[in-house]
Structure formats: structure tokens, C-alpha cells
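Undergrad: One structure, pasted below without further comment.
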Amino acid sequence: MVWAAGTRERVDAVILATGYRPNVGYLAGIGALDAAGVPLHVGGVSRTVAGLAFVGLERQPSLASATLRGVGRDAVHVLNALARAGAGALQPIR
């Protein structure tokens, strides 16, 4: 990662929380969103950007996904999918 001041740092993961409503317009420039600004994903894992994943989106994969009750299960699913894909140093969660 290169910070604004030009300092370089190796990172394994970046976690960004956008609040109660998805606010991911900043991802448009990397091809992660469709024309309407919706993340292109399957089960929370980006279809277009390797190593990118989402949690907390509606119906991802259940009605509870966009709630605190469902996000934990979805996070486990996303992390395991990223680990299987070899993204970074993630280890599967059991």
C-alpha cells in the first residue's frame, strides 16, 4: 500500500466499514461495480476484482445478510472463499 505521503507499507487486509447503507462508489474505478453502482459479487466475493469481498449487503446470501444477525455467518463464508482462492495469508475459519 502507498499512503498519501508516499510511505509504502505491506498489508495483508484492508477492512472498511461504510455504515448503515452501502457507500462503495469509490470502487467504480476498478471495475468492482455495475452501471448502477451495485457490487458485482457472488456470495460476497467480487466477480471482477481478486481479493475483494463484501459483507452486509442485502440478500447475501440470505435475508439476514444486511443485519447484525446475518453478517457474522457471511463474514465466515467470505473469508473461507478468499482463503480457498489464495488471497493473502488468510486461513479458513472453522
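The values are calculated or read from the model by the stated rules, or taken from the named source; none is laboratory data. Since we're looking at a predicted model, the values are computed, not measured. Glycine also receives a Cβ, built like all others from the backbone with ideal geometry; neighbour counts cover every protein chain displayed.
Undergrad: Out of the residues in the stretch 31-50 that are within 15 Å of Ser65 (Cβ to Cβ) and in contact with a His (Cβ under 7 Å, 6 or more places away or on another chain), which is surrounded by the most Cβ atoms within 10 Å (Cβ to Cβ)? It would help to see each step written out before you state the result.
TA: Of all residues in the stretch 31-50, those within 15 Å of Ser65 (Cβ to Cβ) come to 38-39, 41-45.
If we keep only those that are in contact with a His (Cβ under 7 Å, 6 or more places away or on another chain) too, we end up with 43-44.
On the way: Gly43: 13, Gly44: 23.
Applying the filter and picking the extreme gives Gly44.
Undergrad: Could we say that Gly51 is at pLDDT 85 or above and at positive phi here?
TA: Considered against the rule, which asks whether it is at pLDDT 85 or above and at positive phi, Gly51 comes out as yes.
Undergrad: While we're here: Read through the list (1) in a helix (DSSP H, G or I); (2) modelled with pLDDT of 90 or more; (3) of a type outside the set (S, T, N, Q), then give the number of the only condition that Leu82 fails.
TA: Leu82 satisfies every listed condition except (2).
Undergrad: Which residues, counting only those in the stretch 23-48, are under 11 Å from the mean Cα position of the chain (by Cα) and of a type in the set (S, T, N, Q)?
TA: Matches in the stretch 23-48: Ser46 only.
Undergrad: If Glu58 passes every condition in (1) of a type in the set (D, E, K, R); (2) touching a helix residue (DSSP H, G or I) at 6+ places or on another chain (Cβ under 7 Å); (3) under 19 Å from Ala85 (Cβ atoms); (4) modelled with pLDDT under 85 but one, which one does it miss?
TA: (3)
Undergrad: If you don't mind, there's one more thing I want to ask. Output the residues belonging to the stretch 19-71 that are in a strand (DSSP E or B) and small (Gly, Ala, Ser).
TA: Ser46, Ala53
Undergrad: If the requirement is being without any contact (Cβ under 8 Å) to a residue 24 or more places away in the chain, farther than 22 Å from Arg84 by Cα and touching a helix residue (DSSP H, G or I) at 6+ places or on another chain (Cβ under 7 Å), which of these qualifies: Leu63, Leu33?
TA: From the options Leu63, Leu33, the qualifying one is Leu33.
Undergrad: For residues in the stretch 58-75 being among the hydrophobic types (A, V, I, L, M, F, W, C) and under 13 Å from the mean Cα position of the chain (by Cα), which is surrounded by the fewest Cβ atoms within 10 Å (Cβ to Cβ)?
TA: Going through the qualifying residues, I end up with Ala75.
Undergrad: Give the number of residues within the stretch 1-30 that are surrounded by 13 or more Cβ atoms within 10 Å (Cβ to Cβ) and closer than 25 Å to Gly86 by Cα.
TA: Going residue by residue through the stretch 1-30, those that are surrounded by 13 or more Cβ atoms within 10 Å (Cβ to Cβ) are 22, 24, 27.
Remaining after also requiring closer than 25 Å to Gly86 by Cα: 24, 27.
Looking only at that region, the number is 2.
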